[in-house]
Amino acid sequence: KNEVEQSPQNLTAQEGEFITINCSYSVGISALHWLQQHPGGGIVSLFMLSSGKKKHGRLIATINIQEKHSSLHITASHPRDSAVYICAVVETSGSRLTFGEGTQLTVNP
Amino acid sequence: EPEVTQTPSHQVTQMGQEVILRCVPISNHLYFYWYRQILGQKVEFLVSFYNNEISEKSEIFDDQFSVERPDGSNFTLKIRSTKLEDSAMYFCASNPQLPSNQPQHFGDGTRLSIL
């Protein structure tokens, strides 16, 4: 069974700070997703990765398949980035997403 | 941009009653999913559906649950004889391809409250 661990569980930052959220998993995967969940509950897909690095605006996601680890970085953080960030993986044996617990990010002005 | 839509946004039901949660996936998508998130917990996979049949289901998805795509546009999750522990946010998602190849598109969720 794949375990998906995220750290930290909670993160508070000042506006403008560089943010890093980490995700590690225990078995082989075909893809890793970073998702954002806002207080109303809706989930938005940020990135899907199977190797390397992706960038979208101030967000950067990286993955190291050998180390079974991924990071999500937010540069120049802003209060509107406050949300829960969730890592989810697709195992090579199936199509389901297995989710981490999420990281609650709060960015203060 | 096309969206996955879920109705209702909030459903309150008495324990033991049947409930149907509805989803309209994005029109050209082929893979459909239901997930559940109990308050304060992580999101959990329930079931995936492709080519008019269940392709994968979790241990949570027991005989109490069923899914259907009755008319080529709606994708429904039925929960028979609801229990208190079924109270959760239920998310529908769809993909044009497998989620190893494409990001998933999620609906805004249905909050199910069992009394």
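The values are calculated or read from the model by the stated rules, or taken from the named source; none is laboratory data. Only a predicted model underlies this, so the values are computations on that prediction, with no experimental measurement involved. Cβ: placed from backbone, ideal geometry, glycine included. Neighbour counts: every protein chain shown.
Can you name every residue in the stretch B:82-110 that is under 17 Å from B:R69 (Cβ atoms) and away from chain A (no Cβ under 11 Å)?
If the condition is that a residue be under 17 Å from B:R69 (Cβ atoms) and away from chain A (no Cβ under 11 Å), then B:S94, B:P96 are the ones that fit.
When you scan the stretch A:5-19, do you find a residue that is over 12 Å from A:V90 (Cα atoms), in contact with a His (Cβ under 8 Å, 6 or more places away or on another chain) and among the aliphatic types (A, V, I, L, M), even just one?
The answer is yes, given that some residue of the stretch A:5-19 is over 12 Å from A:V90 (Cα atoms), in contact with a His (Cβ under 8 Å, 6 or more places away or on another chain) and among the aliphatic types (A, V, I, L, M).
Give me the residue from the stretch B:22-41 that is assigned to a strand (DSSP E or B) and away from chain A (no Cβ under 14 Å) and, out of that set, nearest to B:N101 (Cα to Cα).
B:V24
Would you be able to tell me the number of residues in the stretch B:92-115 that are assigned to a loop (DSSP other than H, G, I, E, B) and touching a residue at least 12 places away in the same chain (Cβ under 8 Å)? Full working, then the answer.
The initial filter retains those residues of the stretch B:92-115 that are assigned to a loop (DSSP other than H, G, I, E, B), namely B:96-104, B:107-109, B:115.
So of that shortlist, the ones also touching a residue at least 12 places away in the same chain (Cβ under 8 Å) come out as B:96-99, B:104, B:107-109, B:115.
Within the stretch B:92-115, residues that are assigned to a loop (DSSP other than H, G, I, E, B) and touching a residue at least 12 places away in the same chain (Cβ under 8 Å) number 9.
What is the one condition in (1) modelled with pLDDT of 95 or more; (2) within 14 Å of another protein chain (Cβ to nearest Cβ); (3) farther than 26 Å from B:G40 by Cβ that A:I65 does not satisfy?
(1)
Let's see how each residue does on (1) in contact (Cβ under 8 Å) with a residue 40 or more places away in the chain; (2) assigned to a strand (DSSP E or B):
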| residue | (1), (2) |
| --- | --- |
| A:A13 | yes, yes |
| A:G16 | yes, no |
| A:N22 | yes, yes |
| A:V27 | yes, no |
| A:H33 | yes, yes |
| A:Q36 | yes, yes |
| A:P39 | yes, no |
| A:F47 | no, yes |
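So, in the stretch A:24-42, how many residues would count as being buried (at least 19 other Cβ atoms within 10 Å of the Cβ) and among the small types (G, A, S)?
1
Here are some conditions: (1) within 11 Å of chain A (Cβ to nearest Cβ); (2) out of contact with any strand residue (DSSP E or B) (no Cβ under 6 Å at 6 or more places or on another chain); (3) among the aliphatic types (A, V, I, L, M). B:V47 meets all but one. Which one does it not meet?
The one condition B:V47 does not meet is (2).
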